[in-house]
1. How much solvent-accessible surface does Glu50 expose, in Å² to the nearest 10, with a 1.4 Å probe and all protein chains in place?
2. What ranking of Asp18, Asp59, Asp30, Asp75 comes out by heavy-atom accessible area, probe 1.4 Å, highest first?
3. Karplus couplings for the stretch 35-48 from phi (6.51 cos²θ - 1.76 cosθ + 1.60, θ = phi - 60°), rounded to Hz, Gly and Pro as x?
4. Go ahead and estimate [θ] at 222 nm for the chain from helices alone: -39,500 (n - 2.57) per DSSP H run with n ≥ 4, summed, over the residue count, rounded to 500.
5. Can you work out the FRET efficiency for the pair Lys17 and Ile48, with r the C-beta to C-beta distance and R0 = 22 Å, to the nearest 0.05?
6. Hey, could you pull the Cα Rg and Dmax for the chain, both in Å?
7. Scaled to the compact-protein estimate 2.2 N^0.38 Å, what is the alpha-carbon radius of gyration of the stretch 1-51, rounded to two decimal places?
8. Once you list every other residue whose beta carbon is under 15 Å from the beta carbon of Ser38, what net charge do they have if Lys and Arg are +1 and Asp and Glu are -1?
Amino acid sequence: MYSLGHSAVFLIGGKTKDVEPVAIFVRSGDVVIMGGESRLFMHGVPRIIENTLPIHLIDAASTVSKRAVIEYLKDSRININVRQV
């Protein structure tokens, strides 16, 4: 997972919901690699940390005049996932 936008809490557990998840703090630009057995673990982002959007992302969106992108990034984040199946 490649994270863009606000910082967030990323939870990763086990193969079932019975395993208590571990919280990982991720910032914009962070990469989380889940390989091997961990690819099957329960995971998710339950919380976005407000007001942590890096200014360079706002500036980049402004230069391409994409108002919708700027508005989206104000309270959201983007994850890019690459999977090999």
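The values are calculated or read from the model by the stated rules, or taken from the named source; none is laboratory data. No experiment lies behind these values; they were computed from the predicted model shown. FYI the Cβ positions are ideal-geometry reconstructions off the backbone, even for glycines, and counts take in every protein chain you see. For accessibility, only protein heavy atoms count, side chains too; no ligands or nucleic acids. Shrake-Rupley method; radii C 1.70, N 1.55, O 1.52, S 1.80 Å.
1. It works out to around 150 Å².
2. Solvent-accessible surface, decreasing: Asp18, Asp75, Asp59, Asp30.
3. Here the 3J(HN,Hα) series is x, x, 5, 5, 4, 9, 6, 5, 7, x, 10, x, 8, 9 Hz.
4. Mean residue ellipticity, 222 nm, calculated: -5500 deg cm²/dmol.
5. Computed FRET efficiency for Lys17 and Ile48: 0.50.
6. Expressed in Å, the Cα Rg and Dmax of the chain come to 14.7, 47.
7. Computed over Cα atoms of the stretch 1-51, the ratio equals 1.16.
8. That sum, taken over residues with Cβ under 15 Å, equals +2.
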